[in-house]
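The values are calculated or read from the model by the stated rules, or taken from the named source; none is laboratory data. All values reported here derive from a predicted model rather than from experimental measurement. Neighbour counts are summed over all protein chains in view; Cβ atoms, including those assigned to glycine, are modelled from backbone coordinates with ideal geometry. Note: accessible area is taken over every heavy atom of the protein model, side chains too, but ligands, DNA and RNA are not part of it. Shrake-Rupley method; radii C 1.70, N 1.55, O 1.52, S 1.80 Å.
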Amino acid sequence: MDTRQGWTNIQHRCPICLENMVKPQTIKCGHVFCQDCLSQALRILNVCPICKEPQGIVTGNQPPGQMTSSTLHSSLPGYYGIQGPEPPNPGQRYSGTHRTAYLPDNPEGREVLQLLHRAFNARLVVTVGTSITTGLPNQITWNDIHHTTNTSGGAHGFGYPDPHYLQRVREDLAAKGIR
C-alpha cells in the first residue's frame with residue numbers, strides 16, 4: 001500500500017471503468033478518475049459522476065425558447081417543436097406549453113428571478129419528458145427546479161403561502177451550478 005499519496009489498492013481503481021487508474025485526474029470536488037473516463041462522463045453531463053458537483057458551467061437539454069417576465073398575466077398559445085440531438089427522444093415532436101410562475105415582488109424574489117433567467121439561458125429550467133400530471137410522453141416538464149405556479153394553495157398546491165419556497169428554489173438552482 002502506498003500511503004505517501006493516501007491511496008489504497010481500492011483507490012487505484014477508477015469508479016467509472018472499475019479498472020486500474022490510467023492517467024488519474026482529480027476534479028475540484030476531490031474525486032479521481034481515469035482521464036479518458038472522466039472526459040467521456042463530463043461530455044455527457046458536466047458534473048462529478050460521484051457527488052454531482054457541477055464542474056464549470058452546467059448546461060442542460062432544454063429546447064429552444066424564450067423566457068419573459070412581467071407583472072401582468074398574458075396567455076400565449078402552445079406550439080409543437082422538434083427535439084434537438086439531446087435526449088430523451090432526438091428528432092421527435094414535443095408539445096409546447098405556457099407556464100406562469102409567481103415570485104414575491106421584494107429584493108429576494110427579484111434576485112431569484114435573475115437566477116431563474118440565468119438558468120433559463122443555460123437551458124436548465126424545462127426539459128422534454130413524460131408529464132407527471134398526464135402521463136403523456138414528449139411534453140415540456142419542469143427540470144427539477146421548483147416553481148410556484150399558483151397564488152394560493154400553499155406548498156402542496158405549488159402556491160403561497162410557502163415560507164420555504166425561495167430557499168428551496170435557490171438550492172435547486174445551486175445544484176445546477178446557478179448561484
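A few remarks follow.
- Scaling against 2.2 N^0.38 Å puts the C-alpha radius of gyration of segment 94-179 at 1.09.
- Restricting the calculation to Cα atoms, the chain yields a radius of gyration followed by a Dmax of 20.2, 66 Å.
- 0 to 90° range, to nearest 10: angle between helix 107-121 axis and the chain longest Cα axis: 70 degrees
- Most to least accessible of 13, 123 (protein chains only, probe 1.4 Å): 13, 123
- Sequence-separation-based contact order of segment 73-179, relative, with Cα cut under 8 Å and 6+ spacing, percent: 21 percent
- For segment 91-179, the Cβ-based charge dipole about the Cα centre amounts to some 320 debye (Lys, Arg positive; Asp, Glu negative; other atoms uncharged).
- Axis angle, to the nearest 10 degrees, between helix 165-175 and the longest C-alpha principal axis of the chain: 40 degrees.
- Put simply, the amide H of residue 126, placed in the peptide plane, has neighbours under 5 Å in 143, leaving out anything fewer than 5 places away on its chain.
- Taking Cα atoms only, the orientation of helix 35-44 departs from the longest principal axis of the chain by about 10 degrees.
- Stretched out straight at 0.36 nm per residue, the stretch from residue 59 to residue 156 would grow longer than its current Cα-Cα span by 32.0 nm.
- The mean sequence distance of close C-alpha pairs (under 8 Å, at least 6 residues apart), as a share of the length of the chain, puts its relative contact order at 15 percent.
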